[in-house]
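Only one structure is covered here, and it is reproduced in the block below.
The values are calculated or read from the model by the stated rules, or taken from the named source; none is laboratory data. Only a predicted model underlies this, so the values are computations on that prediction, with no experimental measurement involved. Cβ: placed from backbone, ideal geometry, glycine included. Neighbour counts: every protein chain shown. Accessible surface is based on the protein model in full, side chains and every heavy atom, while ligands, DNA and RNA are left aside. Shrake-Rupley method; radii C 1.70, N 1.55, O 1.52, S 1.80 Å.
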Amino acid sequence: MPRNVLFGLIAAVAAALGLAVGAMLLQPKSINIASGTLLQTPRALPAFSLTDQDGQVFDNARLNGHWTLVFAGFTYCPDICPGTLTLLKAVKAKLGPEAAKLQVLFLSVDPARDTPERLKTYVQFFDPGFLAATAPDAELEKLARGMSFVYAKVPGATPDSYTMDHSTALMLVNPQGQLAGFFTAPLKAESLSADLKTILGNG
């Protein structure tokens, strides 16, 4: 075989091997969790602008650089919301040093009643480090579509006694600000903290 043909074959094989190894290195790590589902391909979120518990803008940039657990609810919620935030406080304690990589965002779907001041008092009762935010319905609906959660107003006996039906799943956002997965009921502190340790340790 002519030398130049041989060198050409060797170069082609080396290039193919290099591409294969590169693909293996770039392929995302497969992570299995017990408490929910991780998306095979994280989903980009739409541009959004919320108001946080301090009256400051909470937009896509606030999701960058750390993992975020988002829980949609409202402060007048009688059971699911306080129960979930109590659970997340316990989970955060179980994470130990890894907790520094995670932020918890309580997303209110009741902007008419949940003012920044009320949100701040509410979430800080559970943990001073928890964040809260809300926005007018048009902005919330856009984010709800992007994050695949639902909510609806349920009229009460008086105009002010309404309640809100809402999804109970926790939404996981990665450090690139993309929707990465969901944690679904029944949520247990032990399994959720174990799953988060795995995710935070690999991310």
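Here's a check for you: in segment 101-133, which residue that is of a type in the set (Lys, Arg) and farther than 21 Å from ASP195 by Cβ is least open to solvent (accessible area, probe 1.4 Å)?
Per the stated criteria, the residue is ARG113.
How many residues does segment 107-132 hold that are of a type in the set (Asp, Glu) and either over 15 Å from LEU50 (Cβ atoms) or assigned to a helix (DSSP H, G or I) (or both)? Don't jump to the end; show me each part of the working.
Initial filter on segment 107-132 (of a type in the set (Asp, Glu)): 110, 114, 117, 127.
From what is left, the residues that are either over 15 Å from LEU50 (Cβ atoms) or assigned to a helix (DSSP H, G or I) (or both) are 117, 127.
So the answer is 2.
So MET164 ticks every box in (1) more than 18 Å from the chain's Cα centre (by Cα); (2) open to solvent by 30 Å² or more (accessible area, probe 1.4 Å) but one. Which box is left unticked?
(2)
Quick check, is ALA144 free of Cβ contacts under 8 Å to residues at least 24 places away in the same chain and either outside any strand (DSSP E or B) or over 22 Å from LEU39 (Cα atoms) (or both)?
no
Any residue at all in segment 77-87 that's closer than 22 Å to LYS188 by Cα, touching a residue at least 60 places away in the same chain (Cβ under 8 Å) and in contact with a Phe, Trp or Tyr (Cβ under 6 Å, 6 or more places away or on another chain)?
Checked against the condition, which is being closer than 22 Å to LYS188 by Cα, touching a residue at least 60 places away in the same chain (Cβ under 8 Å) and in contact with a Phe, Trp or Tyr (Cβ under 6 Å, 6 or more places away or on another chain), segment 77-87 yields at least one hit.
Could you list, in sequence order, all residues of segment 36-80 that are within 28 Å of LYS153 (Cα to Cα), part of a loop (DSSP other than H, G, I, E, B) and of a type in the set (Gly, Ala, Ser)?
ALA47, GLY55
Let's see how each residue does on (1) under 28 Å from LEU39 (Cα atoms); (2) free of Cβ contacts under 8 Å to residues at least 24 places away in the same chain:
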position: PRO128; (1), (2): no, yes
position: ASP137; (1), (2): yes, no
position: THR163; (1), (2): no, no
position: ASN174; (1), (2): yes, no
position: ALA185; (1), (2): yes, yes
position: ALA189; (1), (2): yes, no
position: LEU192; (1), (2): yes, no
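So how many residues does segment 54-88 have that are within 24 Å of ALA138 (Cα to Cα), under 18 Å from the mean Cα position of the chain (by Cα) and buried (at least 18 other Cβ atoms within 10 Å of the Cβ)?
Adding up the residues that qualify gives 11.
Which of the following residues is acidic (Asp, Glu), out of contact with any Asp or Glu (no Cβ under 6 Å at 6 or more places or on another chain) and under 24 Å from PRO175 (Cβ atoms): ASP137, ASP110, ASP54, ASP114?
ASP54
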